[in-house]
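The values are calculated or read from the model by the stated rules, or taken from the named source; none is laboratory data. None of the values given here were measured: they were computed from a predicted structure. Glycine gets a Cβ as well: all are built from the backbone with ideal geometry, and neighbour counts include every protein chain shown.
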Amino acid sequence: MNRVYNFSAGPAVLPLEVLKEAQEEMLDYRGCGMSVMEMSHRGKIYDGIIKEAEADLRDIMQIPDNYKVLFLQGGASQQFAAVPMNLTKNGKAAYIITGQWAKKAYQEAKLYTDAVAVASSADRTFCYIPDCSDLDIPEDADYVYICENNTIYGTKYWNLPNTKGHELVSDVSSCFLSEPVDVTKYGVIYGGVQKNIGPAGVVISIIREDLIRDDVLPYTPTMLKWKTQADNDSLYNTPPAYGIYICGKVFKWIKSQGGLAAMKERNVKKARLLYDYLDNNTLFKGTVDKKDRSIMNVPFVIGDKDLEAKFVKEAEANGLVSLKGHRTVGGMRASIYNAMPYEGVEALVAFMKKFEAENTK
Ligand SMILES: *Cc1c(COP(=O)(O)O)cnc(C)c1O
């Protein structure tokens, strides 16, 4: 076995312990004679798997009883439509545009409601989070929408916006379970799991019960109505069963590591190592305003396309893979999610130092 250090933004690195356990259970799940992907989602064994996954997630995030946890399909992108379909009452919503994912959500929402952009960081290619302490939010907005960690641009809200009493909806795809969270500050928290939790194909939505309604927008597909899923404990139809099983294992792994406080400590330590180097070298440069830096996605540049291509290629030859930046930003991006060990970031920084020495005069 030859595992690389995988800095992919998503699908991304998973804990080795989890993969090994899944491997051991692949052919015969705990003596039942079949794999988890071959069994009925309505059977007793799978019922135990999904219930335990939910219970562990509730425990890790300390999710209050008046919030539902839904395991859904369609990726984070499908929730871009589900959010306005389920939450629109007055026909207005406020969006904060901090990157491509927020923008896509905003454009999707416009199909269903009068979505207005109340702040944006597009003027400097989304390299910062706008001041959200006193935004001009329409009185009748049904909700305020943010993308909490901007996977492509490497920014993170370290303070939630002042929503002035409106419900906060947050896409946490790329910072899910990376740090402790106060669920009560949100109406809806959702994210695709393929960045920090599990295999692509599962999206988790955590929704306060009073926001799960029958009177959604007309023509909302049955499958996109949160109430359908909530009433059926995420088993209205066949769920992404194997993916949820892996998510459950990752929840247990997080617990065994000490929970979200421990995750944050590890993540901060890893990010600090990389940012400290970025701030104190002569070749590479971080692209994000310091106060808004993500501890999950770290974009950086050299400012010379040929040298950047050379860096990505040589890094890969050294077992440090998927460091190419997003096509809209260029340069490089290191995604250092929960499952990236400290040693992986150490190896990256050591390689960057070597590359710096070899490529500066
Ligand atoms: C990756 C990503 C998405 C899109 O996720 P899909 O599951 O591919 O739809 C949305 N939002 C954020 C913040 C992401 O990082």
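Residues that are more than 23 Å from Q194 (Cβ to Cβ) and touching a strand residue (DSSP E or B) at 6+ places or on another chain (Cβ under 6 Å) are absent from region 239-262 altogether.
For S256, the conditions (1) closer than 21 Å to Y153 by Cβ; (2) over 18 Å from the mean Cα position of the chain (by Cα) are fulfilled apart from (1).
Scanning region 207-258 for residues that are among the hydroxyl-bearing types (S, T, Y) and either without any contact (Cβ under 8 Å) to a residue 40 or more places away in the chain or over 18 Å from G191 (Cα atoms) (or both) yields Y219, T220, T222, T228, Y236, T238, S256. Kindly check whether there is at least one residue in region 297-315 that is under 30 Å from E21 (Cβ atoms), in a helix (DSSP H, G or I), not assigned by TED's automatic domain parsing to the domain that holds L87 and not aliphatic (A, V, I, L, M). No, region 297-315 has no match at all. Looking only at region 73-90, count how many residues are touching a Leu at 6+ places or on another chain (Cβ under 9 Å) and either among the aliphatic types (A, V, I, L, M) or away from the ligand (no atom under 16 Å from the Cβ) (or both). Number satisfying all stated conditions: 6. Would you kindly identify the helices (runs of 4 or more DSSP H) lying entirely within region 26-131 that contain at least 1 residues that are of a type in the set (D, E, K, R)? Helices (runs of 4 or more DSSP H) meeting the threshold: 44-61, 100-109.
Assessment of region 95-117 against the conditions (in contact with a helix residue (DSSP H, G or I) (Cβ under 8 Å, 6 or more places away or on another chain), within 15 Å of the ligand (Cβ to nearest atom), within 27 Å of S294 (Cα to Cα) and among the hydroxyl-bearing types (S, T, Y)) yields at least one matching residue. Scanning region 256-279 turns up no residue that is in contact with a Leu (Cβ under 6 Å, 6 or more places away or on another chain) and within 23 Å of E148 (Cβ to Cβ). Evaluating Q62 against the criteria (1) polar (S, T, N, Q); (2) within 13 Å of the ligand (Cβ to nearest atom); (3) closer than 16 Å to V172 by Cβ; (4) surrounded by fewer than 21 Cβ atoms within 10 Å (Cβ to Cβ) leaves one unmet condition, (2).
One line per residue, one yes/no per condition, for (1) surrounded by fewer than 17 Cβ atoms within 10 Å (Cβ to Cβ); (2) farther than 30 Å from Y342 by Cα; (3) modelled with pLDDT of 95 or more; (4) of a type in the set (A, V, I, L, M):
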position: Y5; (1), (2), (3), (4): no, no, yes, no
position: E24; (1), (2), (3), (4): yes, no, yes, no
position: M34; (1), (2), (3), (4): yes, yes, yes, yes
position: F80; (1), (2), (3), (4): no, yes, yes, no
position: L87; (1), (2), (3), (4): no, yes, yes, yes
position: E108; (1), (2), (3), (4): no, yes, yes, no
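Has region 164-179 got any residue that is among the acidic types (D, E), part of a strand (DSSP E or B) and modelled with pLDDT of 95 or more? Yes: one or more hits.
Determine if region 177-187 includes at least one residue that is within 14 Å of the ligand (Cβ to nearest atom), of a type in the set (F, W, Y) and surrounded by 15 or more Cβ atoms within 10 Å (Cβ to Cβ). Checked region 177-187: no residue is within 14 Å of the ligand (Cβ to nearest atom), of a type in the set (F, W, Y) and surrounded by 15 or more Cβ atoms within 10 Å (Cβ to Cβ).
Checking each residue in region 344-361 for being part of a helix (DSSP H, G or I) and either of a type in the set (S, T, Y) or in contact (Cβ under 8 Å) with a residue 60 or more places away in the chain (or both) picks out G344, V345, E346, A347, L348, V349, M352, K353, F355, E356, N359.
Restricting region 154-163 to residues that are touching a strand residue (DSSP E or B) at 6+ places or on another chain (Cβ under 7 Å) and part of a loop (DSSP other than H, G, I, E, B) leaves a set whose member that is farthest from the ligand (Cβ to nearest atom) is T163.
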